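Beneath this line is the structure, given in structure tokens, with notes to follow.
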Amino acid sequence: RFVIKGSLAGAAVYVAYDQGLLGSGTQGAEALKKAQAALPPAIQEWTSYIGWEVRTVQLPPTPKFDFSPSDSWNKGVQTVMSALSVAPTRACEYTVEGWKYVKDLVK
């Protein structure tokens, strides 16, 4: 069982790497576009293999994603850097508030 699961996980990582999903944001966006282009023909082939008639079965359209991995990555990096830049100031503010609270308790 462990060997099978490990093999499947390794294969999934290899496919993700091979398709460019583990690269930069632009490579991920290109891989997503390729997947969106390949999905309808794959569904068509699968339904013909199963024996369904596509003329009688109306498949829903593939969802359109308006998602840019590079924009999301950049937004995340900006948020983290912003939080790190104000961390010393906030730490001083919280320390002053904490001392005031302790002084008020001691009185």
Return the label of the correct value of volume of the Cα convex hull per residue in Å³, as calculated from the structure shown, out of (1) 215; (2) 89; (3) 255.
-> (3)
Apportionment of accessible area to carbon and sulfur, the chain, percent (1.4 Å) | 65 percent
Could you tell me how many degrees, from 0 to 90 and to the nearest 10, lie between the Cα long axis of helix 25-50 and the main elongation axis, the longest principal axis, of the Cα atoms of the chain?
-> 40 degrees
Only helical DSSP H runs with n ≥ 4 go in: add -39500 (n - 2.57) per run for the chain, normalise by residue count and round the 222 nm mean residue ellipticity to 500 deg cm²/dmol.
-> -27000 deg cm²/dmol
When the chain is fully extended, how far beyond the present Cα-Cα distance does ALA9 get from ASN74, taking 0.36 nm per residue of separation?
-> 20.6 nm
Sites removed, the longest contiguous part of the chain containing no DSSP-loop chymotrypsin sites (Phe, Trp or Tyr not before Pro) with at most 16 other Cβ within 10 Å is 1-51
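Can you tell me the length gained on complete extension of the stretch LYS100 to TYR17, counting 0.36 nm per residue apart and subtracting the Cα distance?
The LYS100-TYR17 span can extend by a further 24.5 nm.
The values are calculated or read from the model by the stated rules, or taken from the named source; none is laboratory data. This structure is a prediction, so every number in the text was calculated from the model and none was measured. For neighbour counting, all protein chains shown are included, and Cβ atoms are generated from backbone atoms with ideal geometry for every residue, glycine included. Side chains included, ligands, DNA and RNA excluded: accessible areas come from the protein's heavy atoms. Shrake-Rupley method; radii C 1.70, N 1.55, O 1.52, S 1.80 Å.
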